[in-house]
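Note sheet for the following structure.
What follows draws every value from the coordinates through simple rules; no lab data is involved. What you see is a predicted model; the values in this text were computed from it and never measured. Counting neighbours? That spans all protein chains shown, and the Cβs are built from the backbone with ideal geometry, glycine included.
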């Protein structure tokens, strides 16, 4: 049995499909973290500079777009 209780290539999910699923889930989690930063206005500092909040708006839509793209490939 493979990941998520699925079989290998014969009759189950291939490694490529599993990799696409994992990538889609990771991108979805990244987009949720960006959304969390936007909603709660979390300040992120790199050395002495504050990362602007608009960058998370861009990051949210970019990561969400990648997640949707990956998950639609399945």
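I need a count of the residues in the range 34-74 that are touching a helix residue (DSSP H, G or I) at 6+ places or on another chain (Cβ under 6 Å) and in a strand (DSSP E or B).
Looking only at that region, the number is 0.
Return the pair list, or none, for Cβ contacts closer than 9 Å from residues in the range 47-61 that are under 16 Å from residue 31 (Cα atoms) to residues that are exposed (fewer than 10 other Cβ atoms within 10 Å of the Cβ), at least 6 apart or on different chains.
Pairs found: 53/41; 53/43.
Only residues that are under 19 Å from residue 17 (Cα atoms) and exposed (fewer than 14 other Cβ atoms within 10 Å of the Cβ): list them for the range 50-67, please.
Result: 65, single match.
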